[in-house]
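Notes for the one structure printed next.
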Amino acid sequence: MRRDRAADRVLFLPPHVLPPMPEFAPMKTHPMNRRDLLRAGSTLAGGCALSAAVPAWAKDIQPRGQPQGAKRAPDVLTGPNIELTVAETHWPFDGRMGHAVTVNGTIPGPMIRLKEGENVRIAVTNHLKEDTSIHWHGLLLPFQFDGVPGVSFPGIKPGETFVYEFPIIQSGTYWYHSHSGLQEPQGHYGSLVIDPAHPDPVGYDREYVIVLSDYSFLHPHTVMKRLKQQPGYFNHQKQTLAGLLAGKDQPLKERIEWAAMRMDPTDISDVTGSTYTFLMNGHGPEDNWTALFNPGERVRLRFINAAAMTIYNVRIPGLPLTVVQADGENVKPVETDEFQITLAETYDVIVTPKDDRAFTIVAEAVDRSGAARGTLAPRIGMTAPVPPLRARPLADMRDMGMDMSLMEGMPADSMDMSMRNPANAPQVKMNPSVQMIAPMAIDRTGERGQGLKDVDHRVLVYTDLVALTANPDTRAPTRTKEIHLTGNMERFMWSLDGEKFSEVKAPIPFRRNERVRIVLVNDTMMAHPIHLHGHFFEVVNGHDGFHPRKHTVNVAPGGRVAFDLTADAPGDWAFHCHLFHHMHAGMMNVVTVRPMDGGGL
């Protein structure tokens, strides 16, 4: 490990100084065979021209309905050889041109459609004036091709081409994005769909990929600067005297208590609709992206949250949603009316519109400062009513990790001391970046997401998710590791266990194939979507043996989430919050899995 002082970040050994990674035998209980992963480079020989013909298995994706004057839709690219180009572009957002970083000239970038069992070579050419990269979010592959500069490879220099090559050993809905600089929030992302080698357990007549994202005409550097300069800079929904008098906001006594703790209950999202345009497949709300159906068809909608800073609450008024997949993994079908999708998650749902009319697809920002919107319709040009934004939510004491039902009889001064007592988390480095330690963080996987507590219809929660097939590794964890998600909201400082990435002295080590229970404790008042590269883990949600397998999990404010991990992928893997500016501020580390050669521990 060495420090790159110019970039002020910790760099782990890049692949060119690591020993070759030989073939290794996967655990017999693992359904996703990793065999050949580590010799991918040697087995993928030669190159041929990008196939112009779309194979039969890829023809199910339907062309996007385009409103008059719409921008060019992303292409659909198939393997085994794919060419991508990253460049600066001017792109229209709701009729206004903005600076963007695009892949093959579109936002989102082209949809990549692959087949489980094939080998793929993806050549990425960089036409930017700075380094770039592509991370294949959720894919199981050799770590040298994971696409994180300074961790798994050096990055792609301006004018250079890097070839990612690996076998496809899984299926489902995934996506890709830059892990370099501030490119992702400028448009550097796209969808990735992998069709299963065997019959799909999900039956459907047609499908659409729906990439949710956000875009600001402010450069991300400026957004970051504003966040550091003034707490709540983008929050235009603060409490007011009028709200107090109308009984819509906190009572005066509670407001005074929160102010004394320097906490703002309206601080739900750091960056809001005051600067963001909320996008659906690159289209703003006025663009009205449209998907077509024939009445009675089963339509599969593959939702991907590729936003930089926005958690979305998704619903289609008038249509029940049957969730069939989460993070690319099949789950037992569960019917709901709305679901929250945090950053970097994917959810596949089935809808069956029976009437010859249009339906509005609503993806409302969690803080209710705006929404992405599209239409599901039998014909182009049809629209349905767009529901108004609902009342913005307020954080409560539970979001501080202070469940008042557990604190009855506790003196106020004791409560204040428990908030700040580092004994609650001895591994946390106490410093100005740690505003508080949640005294009573609890498992909130069975609770509705923020803003959905009081809606009068069904809402998906994590405890509703049950794996369609049994978990591959049912060994009991041999140890438990607790990791605290720490921050100072007022100063916009974010870290893991009180250490930002630029100050990390060592990665998080795992022994290869060991079984570990990870407990994430959120000591902040904001939700954090935590993503582990190169692995799936089982979220502990009460369905023993059938816990949902995910690569990203949302940790509610003041909450805790446990997941069981089989560390079966040797190498160095990024582990971070997927709120872009939180990761950029330091809420990140690296997980190392050793030994590399598959020998004894």
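Of the residues making up the stretch 163-178, none is among the β-branched types (Val, Ile, Thr), farther than 20 Å from His533 by Cβ and part of a loop (DSSP other than H, G, I, E, B). Confirm whether Arg206 is surrounded by 14 or more Cβ atoms within 10 Å (Cβ to Cβ) and at pLDDT 95 or above. Considered against the rule, which asks whether it is surrounded by 14 or more Cβ atoms within 10 Å (Cβ to Cβ) and at pLDDT 95 or above, Arg206 comes out as yes. For Met382, indicate whether it is more than 30 Å from Pro196 (Cα to Cα), part of a loop (DSSP other than H, G, I, E, B) and within 17 Å of the chain's Cα centre (by Cα). It is false that Met382 is more than 30 Å from Pro196 (Cα to Cα), part of a loop (DSSP other than H, G, I, E, B) and within 17 Å of the chain's Cα centre (by Cα).
The set of residues in the stretch 156-173 being of a type outside the set (A, V, I, L, M) and either touching a residue at least 40 places away in the same chain (Cβ under 8 Å) or buried (at least 21 other Cβ atoms within 10 Å of the Cβ) (or both) consists of Tyr164, Glu165, Phe166, Pro167, Gln170, Ser171, Gly172, Thr173. Candidates are the residues of the stretch 470-494 that are polar (S, T, N, Q) and touching an Asp or Glu at 6+ places or on another chain (Cβ under 9 Å); the one that is nearest to Met430 (Cα to Cα) is Thr486.
Here Arg368 fulfils each of the conditions (1) closer than 26 Å to His179 by Cα; (2) in a loop (DSSP other than H, G, I, E, B) apart from (1). With the condition kept exactly as written, say whether any residue in the stretch 174-185 is surrounded by fewer than 19 Cβ atoms within 10 Å (Cβ to Cβ) and either more than 21 Å from the chain's Cα centre (by Cα) or touching a residue at least 24 places away in the same chain (Cβ under 8 Å) (or both). The answer is no, given that none of the residues of the stretch 174-185 is surrounded by fewer than 19 Cβ atoms within 10 Å (Cβ to Cβ) and either more than 21 Å from the chain's Cα centre (by Cα) or touching a residue at least 24 places away in the same chain (Cβ under 8 Å) (or both).
In the set (1) touching a Pro at 6+ places or on another chain (Cβ under 9 Å); (2) of a type in the set (Ser, Thr, Tyr); (3) not in a strand (DSSP E or B), the condition left unmet by Thr322 is number (3). The condition of being in contact (Cβ under 8 Å) with a residue 12 or more places away in the chain, within 21 Å of Asp75 (Cβ to Cβ) and touching a strand residue (DSSP E or B) at 6+ places or on another chain (Cβ under 7 Å) holds for only one of Val151, Val103, that being Val103. For the criterion of being assigned to a strand (DSSP E or B), of a type in the set (A, V, I, L, M), within 22 Å of Tyr215 (Cα to Cα) and out of contact with any helix residue (DSSP H, G or I) (no Cβ under 8 Å at 6 or more places or on another chain), Ala344 fails.
Scanning the stretch 213-224 for residues that are surrounded by 14 or more Cβ atoms within 10 Å (Cβ to Cβ) and in a helix (DSSP H, G or I) gives Pro220, Val223, Met224. Taken together, the criteria place Val120 among residues that are in a strand (DSSP E or B), buried (at least 22 other Cβ atoms within 10 Å of the Cβ) and over 23 Å from the mean Cα position of the chain (by Cα). For the stretch 294-310, filtering for residues that are in a loop (DSSP other than H, G, I, E, B) and surrounded by 21 or more Cβ atoms within 10 Å (Cβ to Cβ) leaves 5.
Test Ser495 against the stated conditions and say whether it is crowded, with 19+ Cβ neighbours inside 10 Å, of a type in the set (Ser, Thr, Tyr) and not in a loop (DSSP other than H, G, I, E, B). So Ser495 passes the test.
Of the strands (runs of 3 or more DSSP E) that lie entirely inside the stretch 538-601, not one contains 3 or more residues that are free of Cβ contacts under 8 Å to residues at least 60 places away in the same chain. Of all residues in the stretch 131-145, those satisfying the criterion of being under 18 Å from the mean Cα position of the chain (by Cα) and either within 17 Å of Phe536 (Cβ to Cβ) or of a type in the set (A, V, I, L, M) (or both) are Ile134, His135, Trp136, His137, Gly138, Leu139, Leu140.
When we screen Thr322, Thr352, Thr342, Thr336 for residues that are surrounded by fewer than 22 Cβ atoms within 10 Å (Cβ to Cβ), farther than 23 Å from Asp287 by Cα and touching a residue at least 60 places away in the same chain (Cβ under 8 Å), the only hit is Thr336. In the stretch 85-117, of all residues being among the basic types (Lys, Arg) and modelled with pLDDT of 95 or more, the one that is nearest to the chain's Cα centre (by Cα) corresponds to Arg113. Of all residues in the stretch 529-561 being among the β-branched types (Val, Ile, Thr) and within 23 Å of Ser495 (Cα to Cα), which is nearest to the chain's Cα centre (by Cα)? If we take residues in the stretch 529-561 being among the β-branched types (Val, Ile, Thr) and within 23 Å of Ser495 (Cα to Cα), then Thr552 is nearest to the chain's Cα centre (by Cα).
The values are calculated or read from the model by the stated rules, or taken from the named source; none is laboratory data. Since the structure is predicted, the reported quantities are computational estimates derived from the model, not experimental observations. We place every Cβ from the backbone using ideal geometry, glycine too, and count neighbours over all the protein chains shown.
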